[in-house]
Amino acid sequence: MEPFIRNDQYNFIRDQIQVLVNGHTSVNDREVLSALKSLVLEKSINLFSDIKSEQLIMLNRLGDIHRKEQAGEYLTQLKQFVIPFKEISLNSLKKLWPKVKKLKMPPLDDLCLKETSYLGWDDAGSQKKYILVYQDSKPIGLQGHFTPSHKKGICAICNKLEVVGMFLTEKKGVAEGTFTKRGNYICHDSAKCNQNLTSLKKLTEFVTLCK
Ligand SMILES: [Zn+2]
């Protein structure tokens, strides 16, 4: 079976399994548990349009999970079917940011490409954050001035309460020589942000606003 699950979908399923395990820990009523199982299965399967039978068999197995250890084993197996983030060369990165002289490479070795919906990395020297995301298989690069806040706030990309910073972008205005500044609070730790993502909706909105 080929990989068919995106990082955000994997995270969504992980959270649904947690709901199921919590249910089995706290509820004894068989009917309630059966309804919970159906709901968790339905939500997980509905993530995929045009699902193949072998994929469905794999997903249906999550309904039998009762305990934390089973969840761990299942998620390890499911991870094999996660689509990894497409690696990129320094040359392709340079094309995305032609004006940046000394472009820092993202820390590709340090992160698991299967846990990545977008790559975000900091250049502490210039106080910039770079973001690389694919839309319709095309790479899109964003860069912004990043000011860590060291405080918790809601991240504009994952929508979770995390330690955030202000990501400030500048766009050329309609009139010549004018600029529009746009600021968004986003997770300081982009790897954590990727693990929080359970949908691509906010990420897509964020990219549309900033590009
Ligand atoms: Zn985030």
### Query
Looking at region 147-168, which of its residues are within 11 Å of the ligand (Cβ to nearest atom), out of contact with any Phe, Trp or Tyr (no Cβ under 9 Å at 6 or more places or on another chain) and open to solvent by less than 80 Å² (accessible area, probe 1.4 Å)?
Cys158, Lys160, Glu162, Val163
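Please go through region 7-20 and pick out each residue that is of a type in the set (A, V, I, L, M, F, W, C), without any contact (Cβ under 8 Å) to a residue 60 or more places away in the chain and crowded, with 18+ Cβ neighbours inside 10 Å. Steps first, answer last, please.
If we filter region 7-20 for residues that are of a type in the set (A, V, I, L, M, F, W, C), which is where we start, we get 12-13, 17, 19-20.
Subsequent filtering for residues that are without any contact (Cβ under 8 Å) to a residue 60 or more places away in the chain retains 17, 19-20.
Once the filter is applied, which keeps residues that are of a type in the set (A, V, I, L, M, F, W, C), without any contact (Cβ under 8 Å) to a residue 60 or more places away in the chain and crowded, with 18+ Cβ neighbours inside 10 Å, region 7-20 yields Ile17, Leu20.
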### Query
In this structure, is Tyr185 within 17 Å of the chain's Cα centre (by Cα), open to solvent by 50 Å² or more (accessible area, probe 1.4 Å), within 13 Å of the ligand (Cβ to nearest atom) and of a type in the set (Phe, Trp, Tyr)?
yes
### Message
Step by step: first the residues of region 178-210, then only those that are in contact (Cβ under 8 Å) with a residue 60 or more places away in the chain and hydroxyl-bearing (Ser, Thr, Tyr), then the one that is nearest to Leu113 (Cα to Cα). Which residue is that?
### Response
Ser190
### Message
I'm trying to understand the selection: among the residues of region 28-55, which are assigned to a loop (DSSP other than H, G, I, E, B) and within 18 Å of His66 (Cα to Cα)?
### Response
Asn28, Asp29
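In region 124-146, what residues are closer than 26 Å to Phe12 by Cα and open to solvent by 40 Å² or more (accessible area, probe 1.4 Å)? Give the steps one after another, and end with the answer.
Filtering region 124-146 for residues closer than 26 Å to Phe12 by Cα gives 130-142.
Listed by number, the residues that qualify are Tyr134, Gln135, Asp136, Ser137, Lys138, Pro139.
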### Task
Could you please give the count of residues in region 40-96 that are open to solvent by 50 Å² or more (accessible area, probe 1.4 Å), within 20 Å of the chain's Cα centre (by Cα) and free of Cβ contacts under 8 Å to residues at least 24 places away in the same chain?
4
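For (1) in contact with a strand residue (DSSP E or B) (Cβ under 6 Å, 6 or more places away or on another chain); (2) in a strand (DSSP E or B); (3) within 16 Å of the ligand (Cβ to nearest atom), each residue gets a yes or a no:
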| position | (1), (2), (3) |
| --- | --- |
| Pro98 | no, no, no |
| Lys101 | no, no, no |
| Asp122 | yes, yes, yes |
| Leu142 | yes, yes, yes |
| His145 | yes, yes, no |
| Glu170 | yes, yes, no |
| Ala175 | no, no, no |
| Gln195 | no, no, yes |
| Ser199 | no, no, yes |
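The values are calculated or read from the model by the stated rules, or taken from the named source; none is laboratory data. This one's a predicted model, so the numbers in the text were calculated from it and none came from an experiment. Note: ideal-geometry Cβ built from the backbone for every residue, glycine included; neighbour counts use all protein chains shown. For the accessible areas, the whole protein counts, side chains as well, though only heavy atoms, and no ligand, DNA or RNA atoms are used. Shrake-Rupley method; radii C 1.70, N 1.55, O 1.52, S 1.80 Å.
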